[in-house]
Structure formats: structure tokens, C-alpha cells
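Participant: Sharing a structure with you now.
The values are calculated or read from the model by the stated rules, or taken from the named source; none is laboratory data. Computed from a prediction, not measured in an experiment: that's the story for all the values here. Don't worry about glycine lacking a Cβ; one is built from the backbone with ideal geometry, like all the others, and counts go over all protein chains shown. For the accessible areas, the whole protein counts, side chains as well, though only heavy atoms, and no ligand, DNA or RNA atoms are used. Shrake-Rupley method; radii C 1.70, N 1.55, O 1.52, S 1.80 Å.
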Amino acid sequence: MDEAGARDVLDAAGLGAGVAGGAELLALGENAVFGVGDLVVKIGRDAPGLLDRARREIAVAEWLRESGVPAVRAAEPAARSVSGHPVTLWHRLPEAVRPAGAGDLAALLRLIHALPAAPVPSRSSPSSGSSGSSVAFELPRRELLGGVERWLRLAGDAIDAEDADYLRERRDGFAAAAAALVPHLAPGPIHGDALPRNVLVGPDGPVLVDLETFSSDLREHDLVVMALSRDRYGLGGEAYDEFCRVYGWDVREWEGCAVLRGARETASCAWVAQHAPGNVAALAEFRRRVASLRDGDAAVRWHPF
């Protein structure tokens, strides 16, 4: 999905016109995100299952509100389906007063990881949740490797077939290894993509954003992300130490860390692959990442994309 296509969906939803200054593109990746006045509009791809994911994201936001976790709030209670794309509306947050740090993320993760299981629908009352919550939904497992096949297919002939097959083999191996892990922390709700970029520090403090990967799984998933950021993406040692200090534990002490790291590296390579057609920078980054995995070089720097 490119910007032009996303703006067509925005217009079809009746959200692209009539706003002073027009719709501002804020991000373009797995979703297209626009600022429209006091709202943020998130447009997903036209892929199976993404409308259900968008609906769940809204339910998660309401659950977090009820639970006292600072997080972005939905401006509409339901996701729209527009030209096959899921569209959700969110209240626009104030401008950040400073960049989010590793400690800000860790503090929010402590709140999330202290939550009980999500309020699943009651058999006797499907419209209400357990534990007094007004929302009811089920959090899925963190299917970290679930998108690999779709991303590789989107890459098509832009990437070498041998590289695609190599990632498929890694996916299968790490999926089996992850299923056999014995966690150190009690499993439960997780963010699923726990990075400082998904935290905004406003006038009232840090707020969690981008809730679409919320899951119920190993809490270690949220912690491995930062360990990988330290090793691959240039996160400084002091920042990582601050993250561990605020959270209270370093996931690298856990013997399963390498398995979840390997799974996330595999998914990250495949995610970049989908952007390779027509994008020279994406193709170069994809090749860099795959080569480092083939060489077993855990120190090669990866560039955010």
C-alpha cells in the first residue's frame, strides 16, 4: 500500500477532505497513519484477518483505559471497513515534550505485565467481560512468525528465491523451538512490539501507542525486542541498562532468549522483504540482514526501515 492508495481509502471514508491543511501523513509501513485535525486515522492493508485485528486493537485500548494504563484512546468504538481496508480513528495525542527513553518503555511494560488475563467473553453474557470490564475480547498468541509467508510473497521476484527459502526454513525451526520454551516470567498480556518508538511522552507523561500486536504469550517477547535493539540497531549500552533497571530483570539471563531473538530476526528480515519491489534501499537492507544471519554474525548493524 503506497501513500496514493492510502489517501484514496481516506477519501472513500470521508476523512480526507474538508480539514484545514489536509490530511498529514504521519507514518507509512504496515499501516498508513494520517493526522486529520484532532484525529489520527490508521489504515491497514486489505489482507484477511486485519479487520478483526483492528477491532481487537480498539477493545484493547478501552481495556487499558479501564485498567489505568496510559495508552492511546480510540475516537470511534468500532473499526470501519473501507474498500476492503480496516480503518480506525484515534484521539490525537499532544506533541511530545521529549523523546521516549528506554526507562519510559520499561515502566509501561511493568504495568502491562502486571495485568491479569484479558476479559474474555462470558458464556452467559457475551456482551460483557469478566473482572468487571465493559469490553470482552480474546488476545491471541504472539504470532511473531505468522506474517513471514505473506511478506515473502509480497516480495516476489525482487528477492532471491534461495534467500526466501532460507527464511522459511529458519521460520519453521524457530517456531518449533519457541513452542518448547520454558518461560522465566508468568505468561500473560504483552504489547508485542515493545520499542520506545511506540511510546509518546506528553505533558502528562509516557503514553503507549500502536496496540495492534497486543497478545497473550511469553512476557519475554516484550523484553527480547530491546535486547535485539542493543545488538542490532545501535541502542546504547547505558539505555539498555536503564531499561533492565526500571523493569527489574535482564532477559539475556534467560536461556530461551536466543530462540526468541532468532525468531524476531527472521520476522524482521521478511518484513523488510515486502518493501523490496521498486525500493533499492529496502532490497539492500534485506540482503544485509540475510547475509548476517547466514554468516552467523550477530554484531552486524541493521538499519531501521
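Participant: Taking the range 247-305 as the region of interest, how many residues are β-branched (Val, Ile, Thr) and open to solvent by 50 Å² or more (accessible area, probe 1.4 Å)?
Facilitator: 1
Participant: Can I ask one more? So which pairs qualify, if the first residue must be in the range 44-58 and closer than 19 Å to Ala74 by Cα, the second must be open to solvent by less than 50 Å² (accessible area, probe 1.4 Å) and of a type in the set (Phe, Trp, Tyr), the Cβ gap must be under 7 Å, and the two must be at least 6 apart or on different chains?
Facilitator: Listed by first residue and then by second, the contacts come to Arg56/Phe137.
Participant: Among the numbered criteria (1) outside any loop (DSSP other than H, G, I, E, B); (2) under 16 Å from Ala194 (Cβ atoms); (3) of a type in the set (A, V, I, L, M, F, W, C); (4) out of contact with any helix residue (DSSP H, G or I) (no Cβ under 7 Å at 6 or more places or on another chain), which single criterion is violated by Ala281?
Facilitator: Only one criterion in (1) outside any loop (DSSP other than H, G, I, E, B); (2) under 16 Å from Ala194 (Cβ atoms); (3) of a type in the set (A, V, I, L, M, F, W, C); (4) out of contact with any helix residue (DSSP H, G or I) (no Cβ under 7 Å at 6 or more places or on another chain) is unmet by Ala281, namely (2).
Participant: Let me ask something else. Scan the range 284-305 residue by residue and report those that are part of a helix (DSSP H, G or I) and aliphatic (A, V, I, L, M). Let's see the steps before the verdict.
Facilitator: From the range 284-305, those part of a helix (DSSP H, G or I) are 284-295; that's our starting set.
Passing the criteria: Ala284, Val290, Ala291, Leu293.
Participant: So, Ala107, is that one part of a helix (DSSP H, G or I), modelled with pLDDT of 95 or more and either farther than 22 Å from Trp271 by Cβ or in contact with a Phe, Trp or Tyr (Cβ under 6 Å, 6 or more places away or on another chain) (or both) or not?
Facilitator: Yes: the conditions hold for Ala107.
Participant: Here's another thing I want to ask about it. If you take the residues of the range 174-226 that are part of a loop (DSSP other than H, G, I, E, B) and β-branched (Val, Ile, Thr), which of them is nearest to Phe34 (Cα to Cα)?
Facilitator: Val209
Participant: Can you find even one residue in the range 54-71 that is open to solvent by less than 40 Å² (accessible area, probe 1.4 Å), assigned to a strand (DSSP E or B) and out of contact with any Ser or Thr (no Cβ under 8 Å at 6 or more places or on another chain)?
Facilitator: yes
Participant: Right, another one. Do we find a residue being touching a Phe, Trp or Tyr at 6+ places or on another chain (Cβ under 7 Å) and at pLDDT 95 or above anywhere in the range 153-168? Full working, then the answer.
Facilitator: Residues of the range 153-168 touching a Phe, Trp or Tyr at 6+ places or on another chain (Cβ under 7 Å): 159.
Now narrow it down to the ones that are at pLDDT 95 or above: 159.
Yes; the residues of the range 153-168 include at least one that is touching a Phe, Trp or Tyr at 6+ places or on another chain (Cβ under 7 Å) and at pLDDT 95 or above.
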